[in-house]
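Everything on this sheet refers to the single structure shown next.
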Amino acid sequence: MDRNTFPQKEVGDFFNANFINAKIDMEKGEGPSLAQKYAVRAYPTFLFVDGEGELVHRTLGYQEAGMFVENAKAALDPQRRISALNARYAGGDRSPEFLRKYTDARAQMMDGSHGKIAEEYLQTQKDWGTEENMEFLVQYAEDPDSPMFAYLFKERVKFEQAFGEEMVQGKIQQAAFSKVMKMGDLEPEAAVEKMDAFFTEKCPDIAPRLSVQTAMTVYKMTGNADLYAKTAVQYYDQFPSNNFLELNEAAWGFYETVEDKAMLQKALGWGLKSIELQNEYFNNDTVAALYYKLGNKKQAMKYAKKAIAIAKKNGEDASETEALLAKMKGKGK
């Protein structure tokens, strides 16, 4: 925000004309007491407070200039600010139009409170399968045990046709991951077992792939390099990918975390396939790095030079590859 949003003229002009602005470190001075008073749990949080110190609106997270100004306009509008919407809800307003607007506003709070409101909105709808309601549901469904997710599981193919398999199945994986993480400090293997059971129950036809794919994420996040490598190899052996970005990411992940030569050879194969699918600077750089780690200096130099040539042609930064190439040239073998 400091670098990209606050310096923009439209932001400065609007905020300076309409607010008294302050940036406060919530860990120093009066910050901790203010964080407690206004229940600040994530950063950055933007609090809009009236002259009496009452919170009238709140937004969270990085925002582009246009969105940031629009959210500030909502704070100035007595009909759109979160305090007004909270009052309407507390007063019993359950009209579909209001519940949808209120869901949007609560979602911006990033405190998980929007799920209940989203379900109340959908309960006013006779058909959850309209294009508009499906977009709403896929945007706001988070609790895998909620009625919204039950509908998503039931109509998963329809959602996949509308929004793509990758997006819908990724949402299912994220929901399972969040559910298991809330169970406490589980060992990685136990967390993987819980997620496997979840996928097997909720979407058995795609459970094998989702289970292995999610296990890769868990083992990588927890720094378990051996299990991560074995699971990744299992995944790409069972479910070969034709996504050049995915293959390159997996190959680079092995370069960064894996030492076993046989495993690195597997990663090299993914990197080379990524290049076959789409010849780019970054996947040539990955292959150069893998060859170098495997001790094949000749091939490493070949792909490093290819990566640098592509980068120069496309105006990309090849400094890291150039540094690798210089390192190889200095070793002599």
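So here's what we get for this one:
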quantity	calculated
Qualifying residue in the range 123-145 (condition: under 22 Å from Pro204 (Cα atoms), part of a loop (DSSP other than H, G, I, E, B), hydrophobic (A, V, I, L, M, F, W, C) and touching a helix residue (DSSP H, G or I) at 6+ places or on another chain (Cβ under 9 Å))	yes
Residues satisfying the stated conditions in the range 40-71, i.e. in contact (Cβ under 8 Å) with a residue 40 or more places away in the chain, in a loop (DSSP other than H, G, I, E, B) and not hydroxyl-bearing (Ser, Thr, Tyr)	Arg41, Ala42, Pro44, Gly61, Gln63, Glu64
Qualifying residue in the range 177-200 (condition: surrounded by 15 or more Cβ atoms within 10 Å (Cβ to Cβ), under 18 Å from Glu131 (Cβ atoms), modelled with pLDDT of 90 or more and not charged (D, E, K, R))	no
Ala162, sole failed condition from (1) of a type outside the set (Lys, Arg); (2) at pLDDT below 95; (3) surrounded by fewer than 18 Cβ atoms within 10 Å (Cβ to Cβ)	(2)
Conditions (1) at pLDDT below 90; (2) part of a helix (DSSP H, G or I); (3) within 24 Å of the chain's Cα centre (by Cα): number failed by Gly115	(1)
Count - residues of the range 135-155 that are of a type outside the set (Phe, Trp, Tyr), buried (at least 16 other Cβ atoms within 10 Å of the Cβ) and in contact with an Asp or Glu (Cβ under 8 Å, 6 or more places away or on another chain)	2
Residue in the range 80-100 that is modelled with the highest pLDDT, counting only those that are within 15 Å of Leu55 (Cα to Cα) and outside any helix (DSSP H, G or I)	Arg81
Failed criterion for Glu27 (all others in (1) surrounded by fewer than 12 Cβ atoms within 10 Å (Cβ to Cβ); (2) within 28 Å of the chain's Cα centre (by Cα); (3) on the phi > 0 side of the Ramachandran plot; (4) not polar (S, T, N, Q) hold)	(3)
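Listed here are the residues, each with its yes/no results for (1) in contact with a Phe, Trp or Tyr (Cβ under 8 Å, 6 or more places away or on another chain); (2) touching a residue at least 40 places away in the same chain (Cβ under 8 Å); (3) assigned to a helix (DSSP H, G or I); (4) not small (Gly, Ala, Ser).
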| residue | (1), (2), (3), (4) |
| --- | --- |
| Leu268 | yes, no, yes, yes |
| Leu290 | yes, no, yes, yes |
| Ala311 | yes, no, yes, no |
| Ala323 | no, no, yes, no |
| Lys329 | no, no, yes, yes |
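The values are calculated or read from the model by the stated rules, or taken from the named source; none is laboratory data. The structure presented is a predicted model; accordingly, all values stated were derived computationally and were not measured. Positions of Cβ are generated from backbone atoms using ideal geometry, with glycine treated the same way; all protein chains shown enter the neighbour counts.
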